[in-house]
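The values are calculated or read from the model by the stated rules, or taken from the named source; none is laboratory data. What you are looking at is a predicted structure, and each value in this text was computed from that prediction instead of being measured. Every residue, glycine among them, receives a Cβ derived from its backbone with ideal geometry; neighbour counts consider all protein chains shown. Calculation scope for accessible area: heavy atoms of the full protein, side chains included, ligands and nucleic acids excluded. Shrake-Rupley method; radii C 1.70, N 1.55, O 1.52, S 1.80 Å.
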Amino acid sequence: MSDEPEEQDVRLEARLTEQDTFEPSEEFVEQANVSDPSIYEEFEDEWPECWEQAADFLEWESEYDEVLLEDDAPTYQWFAGGELNASYNCLDRHVEDGRGDAVAIEWEGEPGESRTYTYSELLAEVEALAATLRELGVEEDDVVTMYMPMIVELPIAMLACARIGAPHSVVFAGFSAEALATRMNDADSEYLLTADGYYRRGDALDHLSKTDEGLADVDRETTTVVVDRLGDELEHELGEGQYDYDELVAEHEGESVEPVPRDAEDMLFLMYTSGTTGKPKGVKHTTAGYLAYAAWTSHAVLDLEPEDTYWCSADIGWITGHSYIVYGPLTLGTTTVMYEGTPDYPEKDRFWQIVEDYEVDVFYTAPTAVRAFMKWGTEYPEKRDLSSLRLLGTVGEPINPRAWKWYYKHIGGEECPIVDTWWQTETGGHMITTLPGVCDMKPGAAGPGLPGHDVRIVDAKGEEVESGRAGYLTVQKPWPGMLRTLYRNDERFLNEYWIEYSDPEADEWVYFPEDGAKVDDDGYITVLGRVDDVINVAGHRLGTMEVESATVGVEGVAEAAVVGGDHDLKGEAVYIYAIVEDGREPGEDLEAEIVEAIVDGIGPIAKPEQIIFTPELPKTRSGKIMRRLLEDIASGTDIGNTSTLRNPEVVEDIQEQVSDD
Ligand code: WTA
């Protein structure tokens, strides 16, 4: 050590005073929806009846008989016997309560225009679209696909489907034509709502051509409704079976469509997500359990009140947008903000301009965004008045303590608690996080399991590991928002998520989210990332197998291994190691072809950070690709012992290539 002793003392002191636990302010706690710590005990003692509290956020057409049915575990049923309608719960009830003039959605387009929908206006348009869909032939239980950007017509379409009992399947607009076709075919979906385009960083993007390309690969005859988002910016023509949204809705303006009573366990929507195989899986969510859980977590974790203006910057094409832009906030009667574009257009203060203009109370975003804000510097948030903020949240990936502290200080002004929410497409809503009015916060750790949850970190044998040690995250009790199955694939549902233990001490069925984690002595869980072949790029979930299959589809590529490597901004990025067939030159041309194949097969979010051509992949003696090693090389971390490899000589060569770029 070169420092003088006094300097060393100062540095040690600084470490001691480094604050690693943050308390919510008294002011926040006083007004919080949940502030009594006894909720944890109460939910434990009264499980599963505690979840009636979630059901109480809903208006029921007929009461349920049972909170939980476990007969067919792990296919559980929640609130069985009850009947309700999700669109009624998000709209009519508020209008009937005299809140028809309250704002439901504040929408801002990237070029700067805005649209405000009150609950009455939203209901009217949902009814007109529901009537339209019926006229087009949509019946109860038909799966309707949406391939739409962040425009108000997307939540309107979801709610119109919910109203007539047609489950929706929203496909992220950034996904490719091929991804659209795969999902429509898997769901046998014959109806599609889409848009001509949208704005990205000032450009009008053509979305309809991509839609048409996808539709060409759909097996069934389809009916498509197209929203004209771009007006004169982009002329478009409608083909056979395609209709203009505005025209149809105008024809049905003023019509009322009664909300169809749905059984509690009826499917509300399907959401395709990435898994271990190359084929995305259709996660099935139900009407009552999902909606109750989205509402309860919005109340308890996001602390939403009907009077709040709340903004979640996710895209509705992901589960976060479903639960926490649409269903949770609207069930509670809150004002939910939607923004079409990127955070750095026209300037890097765009998000803070939105917070200022709409006086946003609660803001929910991804750690990737926080890391970008941090990189851009404090001058952007400092230009704006952020004093309306009361609570901040993050979702989708781990947040590193440095980014957490930056967010806390520069966005929250050291006054807003932060909820770091761990959950998944499959869980429907938050699972592990602090309750902001109850718990202290520890940057980097999501928090304890929410009340009513039994979350444990176990080893490969299912035994709990000591605190501080890494293990597998498990959830040992069912919860209302859980997925019920994978669409038309009960077997995969069972195999991928559940393990049955015969130990009478443990609950019989245990849910495996496929994440690694550790827990500290206070029960705070730090999520360490996926343990399956899924990577998390900028909070977006990608299957490495999907990227691999697109890569090996390129002529001249013999074999490929795709892994996630650490990335300063995105958390993880895609790295491709590819072996080229004899006679094909590895080089820029082939790289470009691979990138194109990935963009066509999945979408731009899956673009690789680097493609490394190699004559061989490192393999174990039994011939398995050493992915862990490839990940370490991509991340630039120590690769440790390579003696178990059949071909250790390739490692150095690969390492050199990665660090050269
Ligand atoms: C990761 C997004 C750490 C995790 C809602 C999970 C997180 C996957 C967090 C699900 C968090 C999500 N801390 N990791 N707060 N939130 N993850 O289905 O690996 O798109 O399994 O759902 O994201 O991604 P999905």
Report task. Could you check, for the range 246-266, whether at least one of its residues is closer than 20 Å to Leu129 by Cα and either within 16 Å of the ligand (Cβ to nearest atom) or assigned to a strand (DSSP E or B) (or both)? Result -> yes
**Report entry** Qualifying residues in the range 436-453 (those that are open to solvent by less than 20 Å² (accessible area, probe 1.4 Å) and out of contact with any helix residue (DSSP H, G or I) (no Cβ under 6 Å at 6 or more places or on another chain)) - the one nearest to the ligand (Cβ to nearest atom)
**Finding:** Ala446
Query raised in the report: Does the range 195-216 include one or more residues that are on the phi > 0 side of the Ramachandran plot and touching a residue at least 60 places away in the same chain (Cβ under 8 Å)?
Result: yes
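Of the residues in the range 62-84, how many are in contact with a Lys or Arg (Cβ under 7 Å, 6 or more places away or on another chain) and open to solvent by less than 10 Å² (accessible area, probe 1.4 Å)?
Residues flagged as in contact with a Lys or Arg (Cβ under 7 Å, 6 or more places away or on another chain) and open to solvent by less than 10 Å² (accessible area, probe 1.4 Å) within the range 62-84 amount to 1.
Restricting to the range 374-400, and then to whatever is in contact with a Ser or Thr (Cβ under 9 Å, 6 or more places away or on another chain) and not acidic (Asp, Glu), can you tell me which residue is farthest from the ligand (Cβ to nearest atom)? Before you say what the answer is, go through the steps one by one.
Pass one, the range 374-400, residues in contact with a Ser or Thr (Cβ under 9 Å, 6 or more places away or on another chain): 388, 392-398.
Of the ones still in play, those that are also not acidic (Asp, Glu) are 388, 392-396, 398.
Details: Ser388: 24, Leu392: 13, Gly393: 9, Thr394: 6, Val395: 5, Gly396: 5, Pro398: 4 Å.
Of everything passing the filter in the range 374-400, Ser388 is farthest from the ligand (Cβ to nearest atom).
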Requested in this report: Filter the range 376-428 down to residues that are among the polar types (S, T, N, Q) and more than 21 Å from the chain's Cα centre (by Cα) and give me whichever is most open to solvent (accessible area, probe 1.4 Å).
Outcome: Ser387
Query - Residue among Asp101, Asp142 that is surrounded by fewer than 21 Cβ atoms within 10 Å (Cβ to Cβ), at negative phi and more than 26 Å from the chain's Cα centre (by Cα) - result: Asp101
Query raised in the report: Does Ala403 satisfy the criteria of being of a type in the set (A, V, I, L, M, F, W, C) and out of contact with any strand residue (DSSP E or B) (no Cβ under 8 Å at 6 or more places or on another chain)?
Result: yes
**Report entry** Options Trp376, Trp406, Trp352; residue that is in contact (Cβ under 8 Å) with a residue 24 or more places away in the chain and touching a Phe, Trp or Tyr at 6+ places or on another chain (Cβ under 7 Å)
**Finding:** Trp352
Report task. All but one of (1) away from the ligand (no atom under 16 Å from the Cβ); (2) open to solvent by less than 10 Å² (accessible area, probe 1.4 Å) hold for Gly317, so report the exception by its number. Result -> (1)
Report summary line: Taking the range 320-370 and keeping residues within 16 Å of the ligand (Cβ to nearest atom), among the hydroxyl-bearing types (Ser, Thr, Tyr) and open to solvent by less than 10 Å² (accessible area, probe 1.4 Å) leaves Ser323, Tyr324, Tyr327, Tyr364, Thr365
Report task. Output yes when any residue across the range 266-289 is touching a Pro at 6+ places or on another chain (Cβ under 7 Å) and within 30 Å of Pro24 (Cβ to Cβ), and no when none is. Result -> yes
Query raised in the report: Do you know which residues across the range 369-394 are part of a loop (DSSP other than H, G, I, E, B) and among the β-branched types (Val, Ile, Thr)?
Result: Thr378
Requested in this report: Can you tell me which residue among Ile602, Ile612 is at pLDDT 90 or above and under 30 Å from Arg183 (Cα atoms)?
Outcome: Ile602
Query raised in the report: Of the residues in the range 606-645, how many are open to solvent by 40 Å² or more (accessible area, probe 1.4 Å) and under 32 Å from the mean Cα position of the chain (by Cα)?
Result: 11
Query raised in the report: Considering only residues of the range 538-572 that are assigned to a loop (DSSP other than H, G, I, E, B) and under 24 Å from Ser313 (Cβ atoms), which is most open to solvent (accessible area, probe 1.4 Å)?
Result: Asp568
Report task. Give Pro259, Pro280 a once-over and let me know the one that is touching a residue at least 40 places away in the same chain (Cβ under 8 Å) and in contact with a Lys or Arg (Cβ under 6 Å, 6 or more places away or on another chain). Result -> Pro259
Report summary line: Given (1) within 16 Å of the ligand (Cβ to nearest atom); (2) of a type in the set (S, T, N, Q); (3) in the same structural domain as Thr614 (by TED's automatic domain parsing), Thr526 misses just (3)
Query - Within the range 156-224, strands (runs of 3 or more DSSP E) holding 2 or more residues that are more than 28 Å from Asp344 (Cα to Cα) and modelled with pLDDT of 95 or more - result: 168-170, 191-195
Query - Those residues of the range 300-314 which are within 16 Å of the ligand (Cβ to nearest atom) and open to solvent by 10 Å² or more (accessible area, probe 1.4 Å), in sequence order - result: Ser313, Ala314
Query - the range 120-143: number of residues that are closer than 13 Å to Val225 by Cα and part of a loop (DSSP other than H, G, I, E, B) - result: 2
Report summary line: Reported set for the range 288-299 where residues are open to solvent by less than 10 Å² (accessible area, probe 1.4 Å) and either modelled with pLDDT under 95 or under 19 Å from the mean Cα position of the chain (by Cα) (or both) is Gly289, Tyr290, Leu291, Ala292, Tyr293, Ala294, Ala295, Trp296, Thr297, Ser298
Report summary line: Those strands (runs of 3 or more DSSP E) completely within the range 269-368 that have 1 or more residues that are over 25 Å from Thr145 (Cα atoms) are 309-312, 335-339, 362-365
